[in-house]
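The values are calculated or read from the model by the stated rules, or taken from the named source; none is laboratory data. All of these numbers come straight from a predicted model, not from anything done at the bench. Using ideal geometry, Cβ is built from the backbone for each residue, glycine included, and neighbour counts are taken over all protein chains shown.
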Amino acid sequence: METLDADKLFDLALHASQTNDTQKSIGIIKTAIEQSPDDARMWYLLGSLYTDIGLYDKAVQNMEKALEIDSQYAIARFHLGLLQMMSGELDKAEATWQPLNALGEKHYLTLFKAGLLKIVNDEIEQGIALIREGINRNHLVDSLNKDMETVIEHASLSLSQ
């Protein structure tokens with residue numbers, strides 16, 4: 001039987017995650033990490049999978065590992081900050097997100113983080129506007145746009161109360 005390389009395993013794990021087979025995807029990506037432990041994508045995907053099943057501490061650890069390997073991995077940085085924000089560690093999230101400013105103020109990740117920070121500071125309408133602009137500029141990560149749409153829905157509910 002042919003041994004699959006880490007890139008092929010990454011693709012298989014990603015496919016399994018897209019078909020909601022999270023446990024299978026975790027097993028595959030762990031095998032890929034054994035083959036390629038210095039690939040930040042592997043650690044990021046594992047962190048994302050742990051997020052999907054509610055294992056946030058493990059998700060944070062794996063996102064941190066991805067950034068340890070590649071501090072410029074912007075999507076991992078954004079997700080780590082989001083996890084920190086969700087767990088009430090706003091100062092930590094802001095520090096994690098700070099390097100995203102280098103992407104420019106019109107980059108979708110910069111807009112998302114700015115919008116989220118506005119929302120947590122009760123500037124909900126401005127936050128929603130920034131997130132919408134980020135969604136319009138993000139043509140790479142559809143799942144992130146869906147997550148941000150959910151944020152908008154929840155934030156909009158608090159406006160109507």
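Would you mention how many residues in the stretch 104-136 are over 18 Å from residue 77 (Cα atoms) and touching a residue at least 12 places away in the same chain (Cβ under 8 Å)?
Here the count works out to 11.
Within the stretch 99-117, is even one residue more than 19 Å from residue 138 (Cα to Cα), outside the structural domain of residue 155 (by TED's automatic domain parsing) and surrounded by fewer than 18 Cβ atoms within 10 Å (Cβ to Cβ)?
Within the stretch 99-117, none of the residues are more than 19 Å from residue 138 (Cα to Cα), outside the structural domain of residue 155 (by TED's automatic domain parsing) and surrounded by fewer than 18 Cβ atoms within 10 Å (Cβ to Cβ).
Between 61, 84, which is within 27 Å of residue 152 (Cα to Cα) and either touching a residue at least 24 places away in the same chain (Cβ under 8 Å) or not in a loop (DSSP other than H, G, I, E, B) (or both)?
Answer to the check: 84.
Residues of the stretch 1-40 being of a type in the set (Gly, Ala, Ser) and part of a helix (DSSP H, G or I), which ones?
6, 13, 16, 17, 25, 27, 32, 40, listed by residue number.
Please specify each residue of the stretch 89-106 satisfying the condition of being in contact with a helix residue (DSSP H, G or I) (Cβ under 7 Å, 6 or more places away or on another chain) and in a loop (DSSP other than H, G, I, E, B).
104, 106
Give me the residue from the stretch 107-146 that is under 18 Å from the mean Cα position of the chain (by Cα) and not in a helix (DSSP H, G or I) and, out of that set, farthest from residue 84 (Cα to Cα).
So, considering only residues that are under 18 Å from the mean Cα position of the chain (by Cα) and not in a helix (DSSP H, G or I), the one farthest from residue 84 (Cα to Cα) is 139.
Let me confirm something: among 16, 40, which residue is over 22 Å from residue 67 (Cβ atoms), buried (at least 17 other Cβ atoms within 10 Å of the Cβ) and among the hydrophobic types (A, V, I, L, M, F, W, C)?
16
Taking residue 93 as the residue in question, decide whether it is more than 15 Å from the chain's Cα centre (by Cα) and modelled with pLDDT of 95 or more.
no
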